[in-house]
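In what follows, a single structure is set out as structure tokens and then discussed.
Readers should treat all values here as calculations from the given coordinates under stated rules, not as data from a laboratory. It should be emphasised that the depicted structure is a prediction, and the values quoted were computed from it without experimental measurement. Reconstructed Cβ throughout: ideal geometry from the backbone, glycine too, with neighbour counts over all protein chains shown.
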Amino acid sequence: MAEYHALTEWTRGDAPFLDNRYSRGHAWTFDEGVSVAASSSPLHVPLPLSVAAAVDPEEAFVASLSSCHLLTFLYLAAKKGFLVESYRDEAVGRMETAADGKLWMSVVTLRPVVTFGGDRRPTAAEAEALHHDSHGECYIARSVRTEVRCESTAHGTAS
């Protein structure tokens, strides 16, 4: 069993609080040093109370699913002897209102574009199977109730 830690810190400073007009800017610190500026999404809390340049939890959720899929895909491709030259994913998460009236991230669509190199290249079907297997092995995707779709594109696959 493993544990993963993230430190989340916010301070009010001299801003008012009870009027709900405080900054949502805060920090996430990982691995005892890597710090990321975080905030609520400006789509939910208007500027300047949100920080547009910071990562919001919704973006982090989408990125964690995308990153887990990437890392699992690279592992499985290497294990099968396929050389991956590049991998780019412009993932998108869709927030919707659930039946109970509360917001939730209903769908995250991964759109990986993978370029293969080397002498041994996967067929399009093998590349698609790698994505299917990556989704099944990704423990972040297995941990959420959000539908996670993968619409992949592979370059340099064998015919």
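Here are some notes:
- Residue in segment 99-119 that is crowded, with 18+ Cβ neighbours inside 10 Å, out of contact with any Asp or Glu (no Cβ under 9 Å at 6 or more places or on another chain) and either closer than 19 Å to Gly136 by Cα or in contact (Cβ under 8 Å) with a residue 12 or more places away in the chain (or both) present: no
- Hey, Thr97 among the hydroxyl-bearing types (Ser, Thr, Tyr) and in contact with a Ser or Thr (Cβ under 8 Å, 6 or more places away or on another chain) or not: no
- Residue within segment 121-132 that is loosely packed, with under 14 Cβ neighbours inside 10 Å and touching a residue at least 24 places away in the same chain (Cβ under 8 Å) present: yes
- Qualifying strands (runs of 3 or more DSSP E) (wholly inside segment 1-61; at least 1 residues being free of Cβ contacts under 8 Å to residues at least 12 places away in the same chain): 34-38
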